[in-house]
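The values are calculated or read from the model by the stated rules, or taken from the named source; none is laboratory data. What you see is a predicted model, and the numbers here were worked out from it, not measured in a lab. Neighbour counts are summed over all protein chains in view; Cβ atoms, including those assigned to glycine, are modelled from backbone coordinates with ideal geometry. To get the accessible areas, we keep the full protein, side chains included, count just its heavy atoms, and leave off ligands, DNA and RNA. Shrake-Rupley method; radii C 1.70, N 1.55, O 1.52, S 1.80 Å.
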Amino acid sequence: MATGDVALGSAGVETSQPTPGTKEDISGATRKPVINDFNIQVATVNGSGSQSANSVLLRSIFGMGIPVSGKNLFPSNIAGLPTWFTIRASKHGYVARKKEIDVLVAMNAETAKEDILSLPSGAAAIYEDSQNLRQYRDDVVCYPVPFDKLTAAVCPEAKLRKLVKNMIYVGVVAKLISLDMKAVETALRRQFAKKQKAADLNWAAIEAGYNYASESLTKQDPFVLERMHATDGKIIIDGNAAAALGAMFAGVTVVTWYPITPSSSVVEQLIDYLKKYRVEPDGKATFAVVQAEDELAAVGMVLGAGWAGARSMTATSGPGISLMAEFTGLGYFAEIPGVIFDIQRVGPSTGLPTRTAQADLLSIAYLSHGDTKHVMLLPGSVRECFEFAQAAFDLAEHLQTPVFVLSDLDLGMNNWMSEPFEYPKKPLNRGKVLTSEDLTRLGEFARYKDVDGDAIPYRTLPGTDHPQASYFTRGSGHNEKALYTERPEDYQNLMERLNRKFETARTLVPAPVVLQTGKSKVGLIAFGTTDFAVTESRDQLKKEYGVETDYLRIRAFPFTHEVHDFVSSHDRVYVIEQNRDAQMLSLLKLDLPAEDAVRLRSVRHFNGLPIDARSVTDELILQEEI
Amino acid sequence: MATTVTKPNPKVNRLGLQVLDYRGGKTTLCAGCGHNAISERIIDALYEMGVQPERLMKLSGIGCSSKSPAYFLSRAHSFNSVHGRMPSVATGALLANKTMKALGVSGDGDTASIGVGQFIHLMRRNLPLIYIIEDNGVYGLTKGQFSATADIGSKLKTGVINDLPAIDTCALAVQLGATFVGRSFSGDKKQLLAMLKAAIAHQGTVMLDIISPCVTFNDHEGSTKSYKYMQEHEEAISEVGFVPHFEDISIEYDAGSTYDVTMHDGSHLRLRKLHEDFNPTSRVTAVKALMETHERGEVLTGVFYVDTQKPSFTDLLNLVDEPLATLPEERTRPSKQVLQEIMTRLQ
Ligand SMILES: Cc1ncc(C[n+]2csc(CCOP(=O)(O)OP(=O)(O)O)c2C)c(N)n1
Ligand code: SF4
Ligand SMILES: [Mg+2]
């Protein structure tokens, strides 16, 4: 199955199989051109080095000023298994996954038949000519290309051919979809910035592909690009790099991790940045990075460092979150800051390690035994990965508690366009920390006392030079002075204060983004990467069905009052999310008054592929009985 | 007739602090518990070495032993964490502030069972931490189940016999890279104090396994971690002497039968050899000695291994001199120009 998951049989989606008698006329002469609005899919095997070729394609389209997004669908494997890379050009700026593939580059012989069978009628397919894929589809425009022959001609060195072959398809695609070769060359030179020889060799391959297509292929499909100016000044970055940058600009000092897909590249990229920008002239580092022995140790180090006053973080994914449960409860109960990035993947258990989901909400919201709850930030763009990483450190230190940032594989590991990130406007919020001078002035210190009425106590750091500075941190019962206690009222007071602190958090976390006309009775709620599909779906609903919807994108837990207001002001509110159990809806239900909770309905998507607009639209139409 | 009673000046250490300044809360452990004796020696050692209480962090896991940081040095920050995971908490704390001294207290259950993974990696990293196992061969706090350091054949009060081999935490620590490894007995005041003082002067991971009888669950006939057994079967590898750097160090060494180690701060650890062939700088010798004594049913005590050269974990990370925790924003948040540079490259 290719990523155009029409084969999944989602309700209401046209089937991809050629239907006899309904053949489209696929000759270019009669079809209207489709400009800047189509989906290219490159089917390869992982480990074949197609990544550079794919980024050159993506970057070239971006360079032509056309909004573009790319998704890498890869197996949990190092080499030899099928991989699909889809590139969506969208003049409207839609960046959600689109199911239908318009232009297929079938480079993987093993999946080629399946790949071409999954195309919608009228699509185009580029493939190695010995494959003879034409036999399977006469309603698809076929472009056989002698890849091996072309490669051999430009690349005398046999062992490089596998890699260079990828650039041949870049050239063929470039010609067919009218990619500006200047944009292609810029993208290529950028990709091989420091490797002149490699750049030259690859450029020759691109030209060979381009020339072959010019001479031997006749354009018959309608998919073409035209220059736009919609990407001027924009950047391309993956969510994990954005989160890493956010952490660096938040002044992170202690970073711990245990490798796990799809979170590893948060820390790997952070290490690169830190080495470059956080080493002082004398060669000494203003940061420490530890690859821990497991996630228990990773989060233990985070809390140890947070306790001692550092801005500390770790990044993980579902299995790591499960291991962090006990420590997270300690962080909540003993009130210790720390930032934990969860780049969500498909669970339960090992699940589908290289597929995306939003299914860790419930387990994180209440992670650990006893009455525990945690602040979660839910970035819905690379820019928010950058900004929420910073917000997470401020909140963790201000609230003195672990703060989770829930991204996902789709956001974290794929490349996205964005406005350039803005330099933080506010200084770091290091929270309520008393110095020895403060202690002398105050004359007393009770670690867990609510002095300011916001339920956030004051703390001191180890090393504070004052005989009253110290206190005893423990995960067992403690009173305001941090002394051991099992007294019923002490315990209850503490738990109630922690609850009040959570209410304080409610007023501090990022508010939702609300788009409403005030006229619609139907509200949509989504968060994180579901936003891309919902944004596009709202346009589809309006254009195709005349249905106006209001929309609220949640950006944090606990929910701010805007969430309550939104639900209570709509008759029906659809909570759209990428998990089986309607986890966000469950969290909302727990938070909303009963008369509002009944307004909630659920749209769920959980096949491991990023949610697409059509699935949302179809499901909403079905449930709305339109 | 009036008499003036002049109070003698209380004894103070080189910081002008009294031993009282090193005390903690009142112990809630059983009377006679070995852990209490260890707390006392820790107090003495910190006092005698003149450690500024505010410059020490106390860390522990969960267990009777792990409670004991509450019973010494109230003026130091303390972190009683979760069962078996103190090494990671200590690692984080020391990375945040490498200028602090850190002392971790664990139990044999806390270390050799639930925490053995973190223990192993702590030893590997040579984190500058004094790691003490208060080793009673049982889980005291959960009322007397066997731990993984209980010797084969040792018997619980209930009659249950342990038929699995013991983990020798000292042999493990030596193999894994700890740079100061020793074993003592809570009842051996002199040896334990000397060892603790040397530990304070050391700069990498100090791993001390201190046999500490549990009087409530494991101090009976047949227990190999009882006071009686230890008194009869303890075999010291060397007599441990320690001379802090601020004391007169021009002592006569008994040539040929002592081994002198100069610690990081210039103090001297002096081992008066009881075993002719014992050399505390060889891992092979250390592990061999441990195994041989074990085979004889004896418990070897002393300092088995010292390496003052190996860089500690915080050295390896090449951190700035000041604590990372309190670096000012100018040093931890790169400039606007840096962000612009990165953004331009992403365009
Ligand atoms: C995750 C977890 N499992 C089990 C326990 C229960 N528990 C508390 S202390 C302890 C054993 C302590 O033994 P040891 O470390 O030898 O300390 P001692 O009490 O003997 O000094 C256990 C199993 C716990 N606190 N946490
Ligand atoms: S139960 Fe054993 S280990 Fe625990 S305090 Fe009592 S004597 Fe000590
Ligand atoms: Mg024990």
- request: Please identify the pairs in which a residue from region B:4-29 that is under 28 Å from B:SER66 (Cβ atoms) and among the acidic types (Asp, Glu) has its Cβ atom under 9 Å from the Cβ atom of a residue that is at pLDDT 95 or above and in a helix (DSSP H, G or I), counting only partners at least 6 apart or on another chain.
  value: B:ASP21/B:TYR47; B:ASP21/B:PRO53
- prompt: Does any residue of region A:405-419 turn out to be open to solvent by 50 Å² or more (accessible area, probe 1.4 Å) and in a loop (DSSP other than H, G, I, E, B)?
  reply: yes
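Every residue, every condition in (1) within 15 Å of ligand 2 (Cβ to nearest atom); (2) closer than 30 Å to B:LYS310 by Cα; (3) within 14 Å of chain A (Cβ to nearest Cβ), yes or no:
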| site | (1), (2), (3) |
| --- | --- |
| B:LEU129 | no, yes, yes |
| B:ILE133 | yes, yes, no |
| B:PHE146 | yes, no, no |
| B:LYS157 | yes, no, no |
| B:ASP168 | no, yes, no |
| B:VAL181 | no, yes, no |
| B:MET195 | no, yes, no |
| B:ALA199 | no, yes, no |
| B:ASN218 | yes, no, no |
- prompt: Inside region B:18-31, can you point out the residues that are crowded, with 18+ Cβ neighbours inside 10 Å and over 21 Å from B:GLY187 (Cα atoms)?
  reply: B:ASP21
- request: Could you check how many residues of region A:298-328 are open to solvent by 10 Å² or more (accessible area, probe 1.4 Å) and at the interface with chain B (Cβ under 9 Å from one of its Cβ atoms)?
  value: 1
query: What do you reckon, is A:LYS589 over 30 Å from A:PRO402 (Cβ atoms), basic (Lys, Arg) and not assigned by TED's automatic domain parsing to the domain that holds A:ASP342?
result: no
- prompt: Considering only region B:125-143, how many residues are over 16 Å from the mean Cα position of the chain (by Cα) and open to solvent by 10 Å² or more (accessible area, probe 1.4 Å)?
  reply: 5
query: Residues that are more than 17 Å from B:THR91 (Cα to Cα) and acidic (Asp, Glu): which helices (runs of 4 or more DSSP H) entirely in region A:273-347 hold 1 or more of them?
result: A:325-334
One residue from A:SER76, A:SER121 being more than 22 Å from A:LEU176 (Cβ to Cβ) and assigned to a loop (DSSP other than H, G, I, E, B): A:SER76
message: Show me the helices (runs of 4 or more DSSP H) found entirely inside region A:469-572 where at least 1 residues are of a type outside the set (Asp, Glu) and in contact (Cβ under 8 Å) with a residue 60 or more places away in the chain.
response: A:488-508, A:530-545
statement: Turns out the helices (runs of 4 or more DSSP H) fully within region B:1-108 with at least 2 residues that are under 30 Å from B:VAL138 (Cα atoms), within 16 Å of ligand 3 (Cβ to nearest atom) and touching a strand residue (DSSP E or B) at 6+ places or on another chain (Cβ under 9 Å) are B:34-48, B:64-67
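Residues are listed down the side, and each one gets a yes or a no for (1) under 26 Å from A:PRO353 (Cα atoms); (2) of a type in the set (A, V, I, L, M, F, W, C); (3) in the same structural domain as A:GLY412 (by TED's automatic domain parsing); (4) within 30 Å of the chain's Cα centre (by Cα):
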position: A:THR83; (1), (2), (3), (4): yes, no, no, yes
position: A:THR86; (1), (2), (3), (4): yes, no, no, yes
position: A:HIS92; (1), (2), (3), (4): no, no, no, yes
position: A:ALA109; (1), (2), (3), (4): yes, yes, no, no
position: A:ASP115; (1), (2), (3), (4): yes, no, no, yes
position: A:SER121; (1), (2), (3), (4): no, no, no, no
position: A:GLU128; (1), (2), (3), (4): no, no, no, no
position: A:ASN132; (1), (2), (3), (4): no, no, no, no
position: A:LEU150; (1), (2), (3), (4): no, yes, no, no
query: B:LYS197 is checked against (1) in contact (Cβ under 8 Å) with a residue 60 or more places away in the chain; (2) open to solvent by 10 Å² or more (accessible area, probe 1.4 Å); (3) over 12 Å from the mean Cα position of the chain (by Cα) and fails just one. What number does that condition carry?
result: (3)
message: Please go through region A:179-202 and give me each residue that is hydrophobic (A, V, I, L, M, F, W, C) and closer than 22 Å to A:ILE236 by Cα, ordered by number.
response: A:LEU179, A:MET181, A:ALA183, A:VAL184, A:ALA187, A:LEU188, A:PHE192, A:ALA193, A:ALA199
message: Here is a check on your reading of the model: is B:ILE120 near ligand 1 (Cβ under 10 Å from one of its atoms) and within 13 Å of chain A (Cβ to nearest Cβ)?
response: no
- request: Could you tell me whether any residue of region B:90-104 is in contact with a His (Cβ under 7 Å, 6 or more places away or on another chain) and crowded, with 24+ Cβ neighbours inside 10 Å?
  value: no
field: Those residues of region A:84-102 which are of a type outside the set (Lys, Arg), over 12 Å from A:ILE61 (Cβ atoms) and open to solvent by less than 10 Å² (accessible area, probe 1.4 Å), in sequence order
entry: A:ALA96, A:ILE101
query: Residues of region A:248-295 being more than 11 Å from every other protein chain (Cβ to nearest Cβ) and open to solvent by less than 40 Å² (accessible area, probe 1.4 Å), which ones?
result: A:TRP257, A:ILE260, A:PRO262, A:SER263, A:SER264, A:SER265, A:VAL266, A:VAL267, A:LEU270, A:ILE271
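Here is a yes/no grid of residues against (1) more than 7 Å from chain A (Cβ to nearest Cβ); (2) farther than 24 Å from B:LEU20 by Cα; (3) in contact with a Pro (Cβ under 7 Å, 6 or more places away or on another chain); (4) within 15 Å of ligand 1 (Cβ to nearest atom):
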{"residue": "B:VAL51", "(1), (2), (3), (4)": "yes, no, no, no"}
{"residue": "B:GLY61", "(1), (2), (3), (4)": "yes, yes, no, yes"}
{"residue": "B:LYS67", "(1), (2), (3), (4)": "yes, no, no, yes"}
{"residue": "B:TYR71", "(1), (2), (3), (4)": "yes, no, no, yes"}
{"residue": "B:ASN80", "(1), (2), (3), (4)": "no, no, yes, yes"}
{"residue": "B:MET86", "(1), (2), (3), (4)": "yes, yes, no, yes"}
{"residue": "B:ALA90", "(1), (2), (3), (4)": "no, yes, no, no"}
{"residue": "B:ALA96", "(1), (2), (3), (4)": "no, yes, yes, no"}
{"residue": "B:GLY107", "(1), (2), (3), (4)": "yes, yes, no, yes"}
message: Anything in region A:463-498 that is more than 23 Å from B:LYS26 (Cβ to Cβ), surrounded by 17 or more Cβ atoms within 10 Å (Cβ to Cβ) and within 14 Å of chain B (Cβ to nearest Cβ)? List them, or say none.
response: A:GLY463, A:THR464, A:HIS466
message: Here is a list: A:ASP490, A:ASP465. Which entry is farther than 25 Å from B:VAL82 by Cα and more than 26 Å from the chain's Cα centre (by Cα)?
response: A:ASP465
message: Can you confirm whether B:PHE304 is touching a Leu at 6+ places or on another chain (Cβ under 6 Å) and crowded, with 16+ Cβ neighbours inside 10 Å?
response: no
query: Is it the case that B:GLY115 is within 14 Å of ligand 2 (Cβ to nearest atom), at pLDDT 95 or above and among the small types (Gly, Ala, Ser)?
result: no
- line: Counting only helices (runs of 4 or more DSSP H) wholly inside region B:248-347, the ones holding at least 1 residues that are within 14 Å of chain A (Cβ to nearest Cβ) are B:313-316, B:329-332, B:336-346
